[in-house]
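Written out below as structure tokens is the structure these notes cover.
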Amino acid sequence: MTEQSRHLSVHIDRPAAAVYAFVADPARLPLWASGLGSEVDQVDGRWFVQTDGGRLAIDFAPANEFGVLDHDVTLPSGEVVYNPMRVIPDDAGGATGCEVVFTLRRRAGLGDEDFDRDATLVEADLHRLKDLMELGG
């Protein structure tokens, strides 16, 4: 199967720095990324999320000034899934908002229906993030 990516995004009417700071804190994942589970804990500097399918490890890119929120999710099987993510400032015309872009990559062997389902879940998470941030996140 050919490798495929889908870029999913949402515009948030909040400064990019505020959105970045919120998303970069793994402890806040259950507030907006419900697909990753509801319990987050940190052990020896590493973040873990408990899901219905088992415990996942999440490793974010180091803090940076470019809005890069790339992260690896290590599945219970040991498979590592790379997730590119960015917060892009919207500086045009004095606007203070930003765009959050998540690149969903199709994993080997994932069928169209499952890929579409994953995209729908990511879009719901992005809209939940938008709602949280615009209400004062």
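What follows is calculated from the coordinates using simple rules that are stated; it is not laboratory data. Every value quoted in this text rests on a predicted model; they were computed, and no experiment measured them. As a convention, Cβ positions derive from the backbone with ideal geometry for all residues, glycine included, and neighbour counts pool all protein chains shown.
Below is a table of values for the structure above.
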read-out	value
Filter result (out of contact with any Asp or Glu (no Cβ under 7 Å at 6 or more places or on another chain), part of a strand (DSSP E or B) and hydrophobic (A, V, I, L, M, F, W, C)) within region 12-45	V40, V43
From L8, L56, residue being in a strand (DSSP E or B) and out of contact with any Asp or Glu (no Cβ under 8 Å at 6 or more places or on another chain)	L56
Test: residue in region 84-95 that is more than 18 Å from Y20 (Cα to Cα), touching a residue at least 40 places away in the same chain (Cβ under 8 Å) and in a helix (DSSP H, G or I)	no
Test for G45: is it over 16 Å from the mean Cα position of the chain (by Cα), more than 19 Å from D125 (Cα to Cα), surrounded by fewer than 16 Cβ atoms within 10 Å (Cβ to Cβ) and of a type in the set (G, A, S)	yes
Residue check, A61 under 16 Å from the mean Cα position of the chain (by Cα), surrounded by 12 or more Cβ atoms within 10 Å (Cβ to Cβ) and either touching a residue at least 60 places away in the same chain (Cβ under 8 Å) or farther than 15 Å from A24 by Cβ (or both)	no
Search result, residues across region 1-33 that are under 30 Å from G109 (Cβ atoms) and surrounded by 13 or more Cβ atoms within 10 Å (Cβ to Cβ)	R6, L8, S9, V10, V23, P26, L29, P30, W32, A33
W32 vs. criteria more than 23 Å from H127 (Cα to Cα) and touching a helix residue (DSSP H, G or I) at 6+ places or on another chain (Cβ under 7 Å)	no
Lone unmet requirement of (1) free of Cβ contacts under 8 Å to residues at least 40 places away in the same chain; (2) among the polar types (S, T, N, Q); (3) outside any loop (DSSP other than H, G, I, E, B) for T103	(1)
